[in-house]
Amino acid sequence: MAFPIEQVRAQFPALATTDSGQRRIYFDNAAGTQVPRHTIERITDFFHRYNSNTGVFNSTSVAVDAMVEETITALADYLGTPDPGEVIIGANMTTLTYQLSRSLAHRFEPGDEIIISRMEHEGNVTPWLQVAEDNDLVVRWLDFDRDSWRVEPESLQALLSDRTRLLALNYASNLTGGVNDVKALSSLAHDAGALVYVDAVQFASHRLIDVVDLGVDFLACSPYKFYGPHLGIVFGRRELLESLRVYKLRCASDALPYKFSTGTPAFELIAGLMGTLEYFQWLAQELGATGNRRQLFAAAYRAMGAHEDQLSAQLLQGLLAIPGLRMQGATTLEHRVATFSFVHDRLTPSAIAKRLSAAGVFCHWGDNYAMEVAGALDLDPVEGVLRLGLGHYNSEEEVAEGLDLIAEILGG
Ligand SMILES: Cc1ncc(COP(=O)(O)O)c(C=O)c1O
């Protein structure tokens, strides 16, 4: 069945929003996606009907408790775990990673080693560097391959030792779009006795995650990158979460996953996240899919991924034909998501971005917090790259229009 792009686009009010009559083309999805009506309506419904704190007998409070539990259960289906106790919701990926890194530090001894890949966003780097600094740990850097644009198993194997305690690994780079074989790399790390903390923030917008199949210990993602509100999520294996020292208030819940939620959560955003998960199910049903919630998520993601692949092929072909443009990432669709970065011989990324944004083609430039990637690629530390991040609501017409504009800017 053809991807129902018009029906999809109609669900996202932001796509029809203009700036003084100028249409917008959202190619800034790698930094954050727009949200569907399902999300917006869930948030307004929260404020209309049951804005409240939790844990008491008021009807509003009872409704909040039920909504949070329902959302966590749906999120467990989304991540592929049968155990909702393994799903922590927090402010964003970075905050949750800081929190868990502090808890994990209690398992490490001076002289222990942690491996950090150079494909990471800083959200999966600085928290570990600081844990290492505070606890006299040794940091080993894991390079990615410049041909495959991913971490090769041999590079990891060479760094593992009986002192390795943790591997910090990106699922998909937010600069190059390269996708790692997380399952194979995790298995190597586990064989050496290390834990694996995966950053799936960029991956989650494009492909469905399966934490059980991956066999990872922790996996973080951010709903605002997959058509939801500004929140963060971490999956953690139950026995690990149970054994970790938690930085929480004495009177706060000791039950999983709530013991990792410090302070009052953003309930309205959690309600909105439920709306996003409902949107994926709506899309699956539009496509004629049936089955349980996980199967509907899988059907929606298969269709979104296939549509994005078509757009990616179109975008790549157009970009590669522009003289002086150098891609910073794989030039085929294998092992990559729809996040594309490039530099140009003559114009800086910021100069290109300024012209694109003025013409209503939204994009990002700079190192995009992927400092290690930018360093490994010898990019200008301030200018970095021009980044275009596609999402499933983008259309062929938008890609064609964006390409024409880029060619014009870089040609003239
Ligand atoms: C790959 C990756 N990891 C981590 C983050 C940080 O996520 P958050 O803003 O939820 O802390 C981002 C945000 O751009 C990202 O792209």
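Once Rh for the chain is found with the Kirkwood sum over Cα pairs, what is the Stokes-Einstein diffusion coefficient at 4 °C and 1.567 mPa s, in µm²/s?
59
Relative contact order for segment 289-412 using alpha-carbon pairs under 8 Å, separation at least 6, rounded to a whole percent? The partial results should precede the final answer.
Details: 140 pairs, mean separation 35.2, N = 124.
Relative contact order here is 28 percent.
So what is the orientation-averaged projected area of segment 138-234, using the convex hull of its C-alpha atoms, in nm²?
The directionally averaged projection comes out at 6.4 nm².
How large is ³J(HN,Hα) for each residue in segment 272-289, as worked out from phi by the Karplus curve 6.51 cos²θ - 1.76 cosθ + 1.60 (θ = phi - 60°), to whole Hz, x for Gly and Pro?
Working through the residues one at a time gives x, 4, 4, x, 4, 5, 5, 4, 4, 5, 4, 4, 4, 5, 4, 7, x, 6 Hz.
Counting alpha carbon pairs within less than 8 Å and at least 6 residues apart, what relative contact order, in whole percent, applies to the chain?
23
Using per-residue counts of other Cβ atoms within 10 Å, averaged over each peptide, order 307-313, 95-101 from highest down.
Averaged packing, sorted descending, gives the order 95-101, 307-313.
Would you pull out the residues with amide H under 5 Å of Q202's amide H, same chain only if 5 or more places away, H placed 1.01 Å from N?
A172
Over the alpha-carbon set of segment 42-276, divide Rg by the Kirkwood Rh and report the Rg/Rh ratio to two decimals. Write down the numbers at each step before the final one.
Values: Rg = 18.1 Å, Rh = 18.3 Å.
Rounded to two decimals, Rg/Rh equals 0.99.
Once you order the gyration tensor axes a ≥ b ≥ c over the Cα atoms, which shape class does segment 70-174 get: rounded for a/c under 1.5, otherwise prolate or oblate by comparing a/b with b/c? Please report the intermediate quantities before stating the final value.
Details: a/c = 1.99, a/b = 1.33, b/c = 1.50.
Oblate, because a/c is 1.5 or more while a/b does not exceed b/c.
Based on alpha-carbon centroids, what's the gap between segment 1-76 and segment 221-250 in Å, whole number please?
When both Cα centres are located, 20 Å separates them.
Using modelled backbone amide H atoms (1.01 Å from N, in-plane), which distant-in-sequence or interchain residues come within less than 5 Å of E113's amide H?
HN-HN under 5 Å from E113: V138, T164, R165.
Given the options V385, L240, G288, identify the residue whose Cα lies farthest towards the positive end of the charge dipole of the chain (+1 on Cβ of Lys, Arg; -1 on Cβ of Asp, Glu).
Farthest along the dipole direction, towards plus: G288.
Whole angstrom only: what separates the Cα centroid of segment 387-406 from the Cα centroid of segment 82-142?
The two parts, judged by their Cα centres, are 35 Å apart.
Calculate the FRET efficiency for I322 and D210 from the Cβ-Cβ distance with a Förster distance of 41 Å, rounded to the nearest 0.05.
It comes to 0.65.
Could you work out the relative contact order of segment 155-238? I mean the mean sequence separation of Cα pairs under 8 Å and 6+ apart, divided by the number of residues, in percent. Mind showing how you got there, number by number?
Working: 138 pairs, mean separation 21.3, N = 84.
Relative contact order, segment 155-238: 25 percent.
Residue-wise, which Karplus ³J(HN,Hα) couplings in Hz belong to segment 199-206, taking 6.51 cos²θ - 1.76 cosθ + 1.60, θ = phi - 60°, and x for glycine or proline?
Working through the residues one at a time gives 9, 10, 4, 7, 5, 4, 6, 10 Hz.
Based only on other Cβ atoms within 10 Å, what is the fewest-to-most ordering of T81, T332, T262?
With the sparsest Cβ surroundings first, the list reads T332, T262, T81.
Can you list residues from other chains, or at least 5 along the same chain, whose modelled amide H is less than 5 Å from the amide H of E152?
D145
Using the Karplus equation 6.51 cos²θ - 1.76 cosθ + 1.60 (θ = phi - 60°), what ³J(HN,Hα) coupling, rounded to whole Hz, does each residue of segment 126-143 give in order, writing x for Gly and Pro?
For segment 126-143, the Karplus-derived couplings read 4, x, 6, 4, 6, 5, 5, 4, 5, 10, 6, 8, 9, 9, 10, 9, 9, 6 Hz, x marking Gly and Pro.
How would you rank F3, F203, F235, going from fewest to most other Cβ atoms within 10 Å of each one's own Cβ?
Least to most surrounded, the residues fall as F3, F203, F235.
Since every read-out is calculated from the coordinates, none of them should be taken as a lab result. Please read these numbers as outputs of a predicted model, since none were measured by experiment. Cβ sites come from the backbone with ideal geometry, for glycine too, and all protein chains shown count toward neighbours.
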